[in-house]
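Below you'll find the structure, written out as structure tokens, and then a few comments.
The values are calculated or read from the model by the stated rules, or taken from the named source; none is laboratory data. In this text, all values refer to a predicted model and were calculated from it rather than measured experimentally. Side chains included, ligands, DNA and RNA excluded: accessible areas come from the protein's heavy atoms. Shrake-Rupley method; radii C 1.70, N 1.55, O 1.52, S 1.80 Å.
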Amino acid sequence: MAAEDMPKGEGDATGGTTPLQTAAALEGDFSCIAQARDLVADFLSRVRADHGLPVSTRAMDVAQLVVSELVTNARKYAPGPALLELRVAGARVEVSVWDSDSSLPVARAAEPGRVGQHGLEIVMAVVQSFEVHREPVGKRITAGIALSDDPDADPAIWRDGTAR
């Protein structure tokens, strides 16, 4: 897995002109899942320490859980590499995972006897927003997670991801 800061643009949560973001190509076996979680922890720790943004312990834990679930699915169901992107947008961190499989994920109905395959339901239960888009090759899944435990920190977004 290779991580690097992405090109800078305008309009971030710090009021400056440099968005806070990073990305990593994920290749190889399932060991990249732990590396992806570590990238999230490092990124959000830098956001807190270097830029003074509030990043709650819950936000750190939820972001790592979401990355773990999304990257696991990308490695499990899509051939080839995946791409993880992290970006601070307003009072949220946006987690995007691209993979080469064009099949869109679908949350399954509750089945008490089912073992496993609950990742998408878990992700959708803990994030503020969730989007899936087909790309020219594959798909991109983006989940938004509040940086603060304050439910009013991002008043423009409802829990289901629609704008207020």
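Some notes on this structure:
- In order along the stretch 84-92, the phi-based Karplus estimate (6.51 cos²θ - 1.76 cosθ + 1.60, θ = phi - 60°) of 3J(HN,Hα) comes to 10, 10, 10, 8, 7, 9, x, 9, 10 Hz; Gly and Pro are listed as x.
- Oblate is the label for the stretch 77-120, because the ratio a/c of its alpha-carbon gyration tensor axes (a ≥ b ≥ c) is 1.5 or higher and a/b is not greater than b/c.
- Surface share of carbon and sulfur [accessible, 1.4 angstrom probe, percent] for the stretch 22-114: 54
- Per residue value of the accessible surface for the stretch 62-103 (all protein chains in place, 1.4 Å probe), Å²: 33
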